[in-house]
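First up is the structure itself, then whatever we jot down about it.
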Amino acid sequence: MIPEKQAETVWMSGNEAIALGAYEAGVKVASGYPGTPSTEIMEHLSEYDGVYTEWAPNEKVGLEVAIGASFGGVRAMATMKHVGLNVAADPLFTAAYTGGRGGLVVLTADDPDMHSSQNEQDSRNYAFAAKLPMLEPADPAEAKEFIKEAFELSEELDCPVLVRITTRIAHVKAVVTPGERLQPMVAPGLEKHPEKFVMLPAMARRRRLYVEERMTRCRQIAEDSGNNVIESGDAQRGFITGGVSYLYVKEAFPEASILKLGMVWPLPEQKIREFAGSVDELYVVEELDPFWEIHVKAMGISCHGKDVIPAIGELNTGVVKQSIDPARLRGESFSPEELPPRPPNMCPGCPHRGVFFTLSRLDVFISGDIGCYTLGFLPPLNALDSTVCMGASVPIAHGLEKALGADSNRKIVAVIGDSTFVHSGITGLINSVYNGSKGTLIILDNGTTAMTGQQPNPASGALISGEPAQSIDLEALCKALGVRHVSVINPHEVPESRKIIRAEIERDELSVIISQAPCVLLPELKYQKPITYFTNIDNCVGCTSCIRIGCPAISWTPFAKGEAEARGYKKSQKGYSQIDEVLCNDCGQCASLCKFGAITPRDINS
């Protein structure tokens, strides 16, 4: 519940500010798919009254829901990360033709330096390719205001408007000034406009002409936009920049002249020419692709860009200063402190660990997918051989199987999470069934979208609000798709799971195994810990079976010289394992592997 009159200023992240901006803009419907760094936008927006929010199965569906809401005359928004925009590209390009009735904003969050992504991608290229305007804020306060302006621009130009942020803007915090919630300009309702909304070739050709006319108008809007501002300064060196890069330039070269771009496409060509003519040397500072640089040079304007500024990874003030004026940085920089390594690892008690422990000991090719289970690639499990994109595990396994042929002795296993399976794995499984694939698919069903923060999904039985929802029966779904062999295992019972996994891999038909156990970080489990496991050192023989599973709660203690004999152990024993009872999440996987009774449960309430 949000009060009508809010505080004068609040401390907000970029994602929180975007949610507030959408609320103040009068957004009625918002749909998205969780993906770092955009996830929190929908989570915060769902807390506002008067806004319908949902997690969609994938970004394409999310954008299509928003398009439908726009057709209904209300302001709508779709949120996603940069790779999600790839998934949503199909409806995006056609929505550029249809436009809508209510304002439609598509928020995309890029991830320079790949903090939580499988690639780097510059979403500004989509604005160019789809012939759509794009805004990019430089801080949370701008993010809030730019969202509101994006809705106004969408309705003025009758098209979706893209808003690009990056990881730094999504998660940095700053002072934001709340405003009033706007009343909708258009009354919701059904109005038929087949000549506008039905993109058969004859209608699409007419709308194509409108798109070009709209871009001409949009270029003039870019020239007049108060978001594209010349900040006069030292004329010796000038910078064209925008987004968070503007803050880096401003901090590195506070005295310089700057053309700050807030409307990042289309570009204000006249303003760029005016600015370029006012400085002796021109630099274009932008994260990732030389997007502005290419277009500035195409205008016949000489400038520095990616010849000095890195095109890979995230920028910062030091990188900008070092790239442009390294002599000036001397004496200002310092070497970072050496920190102990913290390699990523699956949580203690993670249900996926037992599955990967089993797979790592089998001669199989493991086709992986996007989720926290991608950590199965790391030592000591080393149990992934490929990971490409959401939903790719199943088709890649199918392609490998068809490439190798029936004579190959190498078995192939695909591994995918429940949320990713619903996102884009179902169609891959349909393809495998339809085209007579073999191999085994393991669906890691932990009841949540764990990697992005335990968001619900269509298989988890809850809505974004936490209210109960119809959940997909994954076992019934796989059978309905035509899979004849579907098994359900408890991954914490490692020996029993191992028997089933081995049997299904040897099967000369397509099979599906559903590994079913909840994520240990789900709220209903996180704060309820009835038992923990501890090591009975007297029974430990140092076989290291529990160590090899790679649980962070288990450590190895080597014996000092002569200690084994002094303790009454065999001279050959090198040490013993110990369980940190604070870290232990009582999954019991290690206990199921121990054959010597050295790992024992303890009721922590007794």
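No lab work stands behind these numbers, since they all come straight from the coordinates. From a predicted model like this one, the values you see are computed outputs, not experimental measurements. Heads up, the Cβs are rebuilt from the backbone with ideal geometry, glycines too, and the neighbour counts pull from every protein chain shown.
See the values below:
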quantity	calculated
Arg208-Glu195 pseudo-label distance in nm [points 7 Å out on the Cα-to-Cβ vector]	1.9 nm
Alpha-carbon centroid distance for the pair region 577-606 / region 107-147, whole angstrom	46 Å
FRET efficiency, Leu583 to Gln183 (Cβ-Cβ, R0 56 Å, nearest 0.05)	0.60
Placed amide H near Gly26: partners under 5 Å, 5+ positions off or other chain	Leu182
Kirkwood hydrodynamic radius over Cα pairs of region 529-603, then Stokes diffusion coefficient at 25 °C and 0.890 mPa s, in µm²/s	195 µm²/s
Exposure proxy order (Cβ contacts within 10 Å, fewest to most) of Val308, Val284, Val249	Val308, Val249, Val284
Zone of Ile312's modelled label, taken as backbone nitrogen in region 106-137 under 12 Å from a point 7 Å along Cα→Cβ	113, 120
Estimated FRET transfer efficiency when R0 is 41 angstrom, pair Thr9-Asn382 (beta carbons, to 0.05)	0.20
Descending semi-axes in whole angstrom, ellipsoid equivalent of region 10-224, from the Cα gyration tensor	25, 19, 16
Gln270 paired with Gln220, simple spin-label distance in nm, labels 7 Å along Cα-to-beta-carbon	1.0 nm
Leu339 versus Arg507: modelled label distance in nm, points set 7 Å from Cα along the beta carbon direction	4.5 nm
Rel. contact order, % - alpha carbon contacts under 8 angstrom, at least six apart, region 228-327	30 percent
Where the Cα pairs of region 228-327 fall when distances are cut into 10 Å bins, in %	17, 56, 26, 1
Over the chain, relative contact order from alpha-carbon pairs under 8 Å, at least 6 apart, %	10 percent
Semi-axis lengths, Å, region 352-524, gyration tensor of Cα atoms, sqrt of 5 times eigenvalues	25, 18, 15
Count of lysine pairs in region 352-524 with Cα separation under 21 Å (8 or more residues apart, or interchain)	6
Region 65-99-region 193-262 distance, computed between alpha-carbon centres (Å)	20 Å
Percent of beta bridges antiparallel (DSSP, region 176-302, rounded to nearest 5)	25 percent
Sequence of Cys218, Cys551 once ranked by neighbouring C-beta atoms within 10 Å, starting from the fewest	Cys218, Cys551
Cα pair distances exceeding 49 angstrom across the chain, given as percent	22 percent
Debye intensity ratio I(q)/I(0), log10, region 386-488, q values 0.10, 0.20 Å⁻¹ (C-alpha model)	-0.30, -1.02
On Cα atoms only, tilt of 59-71 relative to the major axis of the chain in degrees	40 degrees
Relative contact order computed over region 352-524 (Cα-Cα under 8 Å; 6+ residues apart), in percent	22 percent
Candidate lysines - alpha carbon under 30 Å from Lys561, same-chain residues fewer than 8 apart omitted	Lys570, Lys571, Lys574, Lys595
Cut-off under 5 Å, modelled amide H: who pairs with Ala414 long-range	Ser367, Thr440, Leu441, Ile442
Computed FRET value (nearest 0.05) for Lys561 with Arg484, which takes r as the C-beta separation and R₀ as 51 Å	0.30
Amide H partners (placed H, <5 Å) of Tyr576, local residues excluded	Thr557, Phe559
Cα-based reach from Lys271 at 18 Å (exclusive), listing lysines while leaving out same-chain residues under 8 positions away	Lys260, Lys297
Antiparallel DSSP beta bridges within region 228-327, as percent of all bridges there, nearest 5	25 percent
Between region 26-57 and region 397-421, the alpha-carbon center distance in angstrom	35 Å
Exposure proxy order (Cβ contacts within 10 Å, fewest to most) of Met12, Met263, Met114	Met114, Met12, Met263
Within the chain, percent of DSSP bridges classed antiparallel, to nearest 5	30 percent
